[in-house]
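Notes follow once the structure below has been shown.
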Amino acid sequence: MSDVASGNGRAGLIYAASAYLLWGFLPLYFIALAPSGAFEVVAWRIVFSLVFCAVLLAVTRRYRPFLALLKRPRISLTMALAGALIYINWQTYVYSALSGQVVEAALGYFINPIVTVFLGVFFLREKLRPAQWTAVGISLVAVLVLAISAGSVPWIALTLAFSFGFYGFIKKRVGHAVDAVAGLSMETLWLLPVAVIQLIIVGLTTGITFGTVSPVHSLLLVGLGVITAIPLLFFAAASRRLPLVVLGFIQYFAPVIQFLVGVLILHETMSDARWIGFSLVWLALIILMVDGMVSTRATRRSVPELV
């Protein structure tokens, strides 16, 4: 029985699908937080994510290993850098949701796998296969088409793609020592001073909305911690149960859902040039996926089976 067909594999598929479904519909959650602005939303997301993680660490009695990680300077500083990158990602993503640019945010996560290929070339000195170079070239043409048609660089998409790409790259370097809960706890702990400063600035300018709109609105802000941590926990559970190739396919669920939310629910404009740009990105992704499948099969065939 294959890894996916087994009971463990089916559970992994459920965890992965749940994670990406939550991530896909996340823009609607942020929109429901109006009249809170992007800076206040991200600040509360940091605060309540840290609170939720602290509760999880206490309930699971894993706070001692977490405190031990904080005493390891290399890991602690690496997670600080990861925190800075995820802050950029969160702030950009929330801004895109609240400013009616969900489709461009989806583009960022479509581009993300191609950015990951770039990082492998520049930082890990990996050599690309011809199909991978083709995908990279097509994606660059797509970005040019989108930039020329819009009259500006799609900075939201590129910021999301590169911030999350570097974030994933850094997390992989410490993934053997830091689990999902401990990682998010360390990242949000580092970001707590930033959140406090943002809340002070918001309070002195536009005014803090927490507790002033309605009980439901306040609960939704508190729920930012849950809606941030739960998908990460689901993804961590899925990654332990599923082959990397399967996870690679499922990762496109989130941007597909985000794209559909932007076009069908929020009615964002899709010009002909924008359709062409997105189509080129999707073509590049299809090439990457097919190349990955062929490479994986070739690798398996080259490894003799043990009898």
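The values are calculated or read from the model by the stated rules, or taken from the named source; none is laboratory data. Predicted model, so just to flag it, every value in this text is computed and none were measured. Ideal geometry is used to build each Cβ from the backbone, glycine not excepted, and the neighbour counts take in all protein chains shown.
The condition (being more than 18 Å from residue 38 (Cβ to Cβ), crowded, with 21+ Cβ neighbours inside 10 Å, modelled with pLDDT of 90 or more and among the small types (Gly, Ala, Ser)) is satisfied by just one residue among 214, 185: 185. Given the conditions (1) buried (at least 22 other Cβ atoms within 10 Å of the Cβ); (2) over 17 Å from residue 89 (Cα atoms), report the number of the one that residue 55 does not fulfil. Every listed condition holds for residue 55 apart from (1). If you take the residues of region 61-91 that are under 21 Å from the mean Cα position of the chain (by Cα) and among the aromatic types (Phe, Trp, Tyr), which of them is nearest to residue 108 (Cα to Cα)? Of everything passing the filter in region 61-91, 90 is nearest to residue 108 (Cα to Cα). Among the residues of region 237-260, is any small (Gly, Ala, Ser), assigned to a helix (DSSP H, G or I) and in contact with a Lys or Arg (Cβ under 8 Å, 6 or more places away or on another chain)? Within region 237-260, not a single residue is small (Gly, Ala, Ser), assigned to a helix (DSSP H, G or I) and in contact with a Lys or Arg (Cβ under 8 Å, 6 or more places away or on another chain).
Find the helices (runs of 4 or more DSSP H) located wholly in region 58-150 whose residues include 1 or more that are among the basic types (Lys, Arg) and surrounded by fewer than 20 Cβ atoms within 10 Å (Cβ to Cβ), and list them.
Details: elements: 63-70, 73-98, 102-123, 130-150.
Those helices (runs of 4 or more DSSP H) span 63-70, 73-98.
Out of the residues in region 243-262 meeting the condition of being over 16 Å from residue 109 (Cα atoms) and in contact (Cβ under 8 Å) with a residue 60 or more places away in the chain, tell me which one is surrounded by the most Cβ atoms within 10 Å (Cβ to Cβ). Out of the qualifying residues, it is 246. Among the candidates 145, 136, 141, the residue that is more than 13 Å from residue 277 (Cβ to Cβ) and touching a residue at least 24 places away in the same chain (Cβ under 8 Å) is uniquely 136.
Does residue 240 count as surrounded by fewer than 17 Cβ atoms within 10 Å (Cβ to Cβ), within 22 Å of residue 88 (Cβ to Cβ) and basic (Lys, Arg)? Answer is no for this residue.
Being outside any helix (DSSP H, G or I) and under 19 Å from the mean Cα position of the chain (by Cα) is the filter; apply it to region 151-190 and report the residue that is nearest to residue 121 (Cα to Cα).
Restricting attention to region 151-190, the residues satisfying the condition of being outside any helix (DSSP H, G or I) are 151-154, 175-179.
With the extra rule that they be under 19 Å from the mean Cα position of the chain (by Cα), the set shrinks to 154, 175, 178-179.
Details: 154: 23, 175: 21, 178: 25, 179: 26 Å.
Taking the candidates together, the pick is 175.
Do we have residue 128 as out of contact with any Pro (no Cβ under 7 Å at 6 or more places or on another chain), under 25 Å from residue 292 (Cα atoms) and aliphatic (A, V, I, L, M) here? Answer is yes for this residue. Within this structure, residue 196 passes the test of being among the β-branched types (Val, Ile, Thr), within 30 Å of residue 68 (Cα to Cα) and at pLDDT 90 or above.
Quick check on this structure: which one of 147, 135, 106, 131 is aliphatic (A, V, I, L, M) and modelled with pLDDT of 90 or more? Show your work before the answer.
On the way: 147 fails: modelled with pLDDT of 90 or more; 135 fails: modelled with pLDDT of 90 or more; 131 fails: modelled with pLDDT of 90 or more.
It is 106.
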